[in-house]
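The values are calculated or read from the model by the stated rules, or taken from the named source; none is laboratory data. Owing to the predicted nature of the structure, the values given are computational and were not obtained by experimental measurement. SASA here: full protein model, heavy atoms, side chains in, ligands and nucleic acids out. Shrake-Rupley method; radii C 1.70, N 1.55, O 1.52, S 1.80 Å.
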Amino acid sequence: FSEWGKYVAHDDGSWEWVQTSHLEALDVGDASDIRSLGAFELPGYIADSRMVGDVIYTVTFEDGWCWDCASEAQTTVTSLAVGDPARIGVVDRLAIAEPDAYYSWNRSITVTKARMYLAGTEWWSNDGDHSTIRVVDVSDAGGRLRLGTTVEVEGQIHSRWQMDEFE
């Protein structure tokens, strides 16, 4: 769930409405008795996600205004071990600073067994509208992440359907 809202109680007895993103693992083996197996909260807005084996890669965008977000705009890739849904946990996390929250937004991804490509438009930059593609090495079956190269391209990439890996 992106922008998952809930009330949180504070030690002083006050309550606060907070919005994060939320991953929920459900047992749907019996459609008449769907049960929650585990959950995990992520700061920011879910831009995209992919599951490879027992690892879910989430890409979130934190604009500095969401609850529990970084104070500066950033895109965060988080690899989560989900082999045991009752114990979802962070394997690795890669935070990438964004130049300006107003001119940046959610990134779209496409994933192969070895690489993840994060792409999105950089609005109204000094160079005109262009997109940035960041390459993340996801070849480790356990979910370790490694930031690779960055490529600037002309035009606007808005979704994963505009990307593909070739050779």
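Listed here are the residues, each with its yes/no results for (1) among the aromatic types (Phe, Trp, Tyr); (2) open to solvent by 40 Å² or more (accessible area, probe 1.4 Å); (3) over 20 Å from Tyr45 (Cα atoms); (4) modelled with pLDDT of 85 or more.
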{"position": "Ile109", "(1), (2), (3), (4)": "no, no, no, no"}
{"position": "Val135", "(1), (2), (3), (4)": "no, no, yes, yes"}
{"position": "Ala141", "(1), (2), (3), (4)": "no, yes, yes, yes"}
{"position": "Glu152", "(1), (2), (3), (4)": "no, yes, yes, no"}
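How many of the residues making up the range 139-167 are more than 14 Å from Met116 (Cα to Cα) and part of a loop (DSSP other than H, G, I, E, B)?
Qualifying residue count, the range 139-167: 6.
So, Val90, is that one farther than 26 Å from Phe166 by Cα, assigned to a strand (DSSP E or B) and at pLDDT 90 or above or not? Reasoning before the result, please.
Details: farther than 26 Å from Phe166 by Cα: yes; assigned to a strand (DSSP E or B): yes; at pLDDT 90 or above: yes.
Here the answer is yes, as Val90 does meet what is asked.
Could you check the range 6-68 for strands (runs of 3 or more DSSP E) lying wholly inside it with 2 or more residues that are over 22 Å from Asp92 (Cα atoms)?
Details: elements: 15-27, 35-42, 45-52, 55-62.
Strands (runs of 3 or more DSSP E) meeting the threshold: 15-27, 35-42.
Would you check which residues across the range 13-63 are under 18 Å from the mean Cα position of the chain (by Cα), among the charged types (D, E, K, R) and farther than 24 Å from Gly143 by Cα and list them?
Selection gives Asp63 alone.
Filter the range 4-51 for residues that are within 19 Å of Ser79 (Cα to Cα), acidic (Asp, Glu) and open to solvent by 50 Å² or more (accessible area, probe 1.4 Å) and give the result.
Residues satisfying the conditions are Glu24, Glu41.
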